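The values are calculated or read from the model by the stated rules, or taken from the named source; none is laboratory data. The structure presented is a predicted model; accordingly, all values stated were derived computationally and were not measured. A quick note on method: Cβ atoms are made from the backbone with ideal geometry, for glycine too, and the neighbour counts reach across all protein chains shown. Ligands, DNA and RNA are excluded from the accessible area calculation, which covers all protein heavy atoms including side chains. Shrake-Rupley method; radii C 1.70, N 1.55, O 1.52, S 1.80 Å.
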Amino acid sequence: QPMINTRYTDEEMALLVGRINSELSETEAVYIVDSFGSMREEDFVSRCELVSSILNPNIRIGIHSHNNQNQSFDVISTIMTSDFNHDIFIDTTIAGIGKGAGNPNTIEVLNFYNNVYEQRYNVDSLKDVDARYIQPIHSLYPWGFSFDFYLCAKYRITPSYLKFYKQQQARPEG
């Protein structure tokens, strides 16, 4: 799983996938990871096309996005309706729980599957999990879209820097 996928050139990514094919052929999936939430739909599609064109057919492609630009669901829905000749893993979390702006919301993705592919996922069954377990965590450690996280994505920096900066500002002088 190559972290910070935007830092890999197409050539570097192609080399990595080629080595996975030859040296790690039992790998279950190669992930495209948008560590900073800065990749747009076209970035994901382009990277998926590249990986798909090289990757052994028995290896899946995984997608891990962050919602820093408030477009994670758009990215995921585009990927799910594209044909990359590989099975696709999509990372989602209930209520979008995740560091900073969070991750794609499982309920949104399942609703999309239900509507577009006429599936019958029971989304209502996740409401209790959300209410009992996720919302108490959210009240202690909030996540979700914010302008600050958007700026982190725009400038391709980790939200950890933002957290550190805010902690430094909050320190009393003396």
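Descriptive notes on the structure:
- Residue in the range 150-164 that is more than 23 Å from Ser65 (Cα to Cα), open to solvent by 70 Å² or more (accessible area, probe 1.4 Å) and either free of Cβ contacts under 8 Å to residues at least 24 places away in the same chain or touching a Leu at 6+ places or on another chain (Cβ under 8 Å) (or both) present: no
- Some residue of the range 109-116 being among the hydroxyl-bearing types (Ser, Thr, Tyr), open to solvent by 50 Å² or more (accessible area, probe 1.4 Å), within 18 Å of the chain's Cα centre (by Cα) and at negative phi: yes
- For beta carbons closer than 6 Å, sequence separation of 6+ or different chains, a first residue in the range 35-56 that is at negative phi and touching a residue at least 60 places away in the same chain (Cβ under 8 Å) and a second that is outside any loop (DSSP other than H, G, I, E, B) and open to solvent by less than 10 Å² (accessible area, probe 1.4 Å), the qualifying pairs are Phe36/Ala153; Ser38/Ala153.
- Some residue of the range 3-26 being over 22 Å from Asn111 (Cβ atoms), at pLDDT below 95, of a type in the set (Lys, Arg) and not in a strand (DSSP E or B): yes
- Qualifying residue in the range 68-80 (condition: hydrophobic (A, V, I, L, M, F, W, C), under 17 Å from Pro2 (Cα atoms) and over 11 Å from the mean Cα position of the chain (by Cα)): no
- Breaking point among (1) out of contact with any strand residue (DSSP E or B) (no Cβ under 9 Å at 6 or more places or on another chain); (2) over 26 Å from Ala101 (Cβ atoms); (3) open to solvent by less than 20 Å² (accessible area, probe 1.4 Å), for Glu26: (3)
- Top-ranked residue of the range 70-105 - restricted to ones that are aromatic (Phe, Trp, Tyr) and within 22 Å of Ser53 (Cβ to Cβ), ranked as most open to solvent (accessible area, probe 1.4 Å): Phe89
Results for (1) open to solvent by 60 Å² or more (accessible area, probe 1.4 Å); (2) farther than 27 Å from Tyr150 by Cβ, shown as yes or no for each residue.
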{"site": "Gln1", "(1), (2)": "yes, no"}
{"site": "Asn5", "(1), (2)": "no, no"}
{"site": "Tyr8", "(1), (2)": "yes, no"}
{"site": "Ser22", "(1), (2)": "yes, yes"}
{"site": "Phe44", "(1), (2)": "no, no"}
{"site": "Ser52", "(1), (2)": "no, yes"}
{"site": "Asn56", "(1), (2)": "no, yes"}
{"site": "Ile61", "(1), (2)": "no, no"}
{"site": "Ser65", "(1), (2)": "no, no"}
